[in-house]
Amino acid sequence: MTELLAVAVITILAVISPGADFAMVTRNSYLHGRRAGLLAAAGIALGVQVHVFYTMLGVGLLIAHTPSLFLAIKLVGAAYLVYIGYRTFVAKAVLQPDLSAQPAGSALAALRSGFMTNALNPKTTLFVLSTYTQVVGADTATAAQFGYGLFMSLAHWLWFSLVALFFSDQRLRGAMLRGQNVLNKGIGAVLVGLGLTLALAPMAR
């Protein structure tokens with residue numbers, strides 16, 4: 001029970017701390033609507049499972065003890081955030097937004113954006129790896145370890161679904177779209193800033 005409580009507390013704190021996942025869901029929700037925001041949240045939850053599976057398979061330990069591999073993952077993730085941030089920053093405003101319309105292929109794009117943002121996020125790598133190596137005991141049953149991983153994904157999905165619901169509210173979204181020139185630049189700058197911060201962060205962990 002103590003182990004379960006520790007995993008739950010660490011997970012909740014990690015989920016609600018602002019970061020790239022939050023910025024990505026906010027971006028998708030206000031630009032493309034509730035469905036895109038919820039799909040991004042689902043993508044984030046799927047991305048968490050990538051970290052859980054490679055950690056349980058032992059690859060996480062390899063990453064922890066191979067600085068060059070961890071650096072490569074960090075730089076790829078940072079480059080992805082900078083790319084999305086730049087595209088958002090320079091995006092042209094939608095003059096007459098249709099709040100119910102979804103562009104072709106947006107469902108897959110929204111899911112992919114959430115998945116890639118989380119799967120390539122070294123913050124999540126360290127969160128999952130440290131939880132499984134420092135909190136979860138070596139004698140913990142495999143079923144319980146998988147259960148912890150599912151809880152992590154569920155917590156991410158629930159929190160970011162709430163974020164998506166909030167930022168896709170019709171009145172709030174309409175107001176955000178009317179000021180999207182400024183908002184695009186703000187969110188784009190945040191994503192680029194997060195990417196650069198990840199790229200320049202010291203390797204000590």
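Below, the figures for the structure above:
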{"read-out": "Test: residue 200 is open to solvent by 50 Å² or more (accessible area, probe 1.4 Å) and at pLDDT 75 or above", "value": "yes"}
{"read-out": "Index of the failed condition, residue 172 passing every other in (1) open to solvent by 60 Å² or more (accessible area, probe 1.4 Å); (2) at pLDDT below 80", "value": "(1)"}
{"read-out": "Residue satisfying all of: in the stretch 13-22; assigned to a helix (DSSP H, G or I) and over 8 Å from the mean Cα position of the chain (by Cα); farthest from residue 89 (Cα to Cα) among these", "value": "13"}
{"read-out": "Subset of the stretch 46-66 (residues that are part of a helix (DSSP H, G or I) and either open to solvent by 10 Å² or more (accessible area, probe 1.4 Å) or acidic (Asp, Glu) (or both))", "value": "46, 49, 50, 53, 54, 55, 56, 59, 61, 62, 64"}
{"read-out": "Residue 133 vs. criteria β-branched (Val, Ile, Thr), farther than 12 Å from residue 29 by Cβ and outside any helix (DSSP H, G or I)", "value": "no"}
{"read-out": "Answer residue from the stretch 12-31, given it is in contact with a Leu (Cβ under 9 Å, 6 or more places away or on another chain) and not hydrophobic (A, V, I, L, M, F, W, C) and is most open to solvent (accessible area, probe 1.4 Å) among those", "value": "27"}
{"read-out": "Residue 5 part of a helix (DSSP H, G or I), open to solvent by 20 Å² or more (accessible area, probe 1.4 Å), out of contact with any helix residue (DSSP H, G or I) (no Cβ under 9 Å at 6 or more places or on another chain) and at pLDDT 85 or above", "value": "yes"}
{"read-out": "The stretch 152-165 - residue that is surrounded by fewer than 17 Cβ atoms within 10 Å (Cβ to Cβ) and in contact (Cβ under 8 Å) with a residue 12 or more places away in the chain and, of those, nearest to residue 25 (Cα to Cα)", "value": "165"}
{"read-out": "Residue list for the stretch 121-145, filter: under 17 Å from residue 46 (Cα atoms) and either over 9 Å from the mean Cα position of the chain (by Cα) or modelled with pLDDT of 90 or more (or both)", "value": "122, 123, 125, 126, 127, 128, 129, 145"}
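The values are calculated or read from the model by the stated rules, or taken from the named source; none is laboratory data. Nothing here was measured: the structure is a model prediction, and the numbers come from that model. Glycine also receives a Cβ, built like all others from the backbone with ideal geometry; neighbour counts cover every protein chain displayed. In case anyone asks, the SASA skips ligands and DNA or RNA and just uses the protein heavy atoms, side chains included. Shrake-Rupley method; radii C 1.70, N 1.55, O 1.52, S 1.80 Å.
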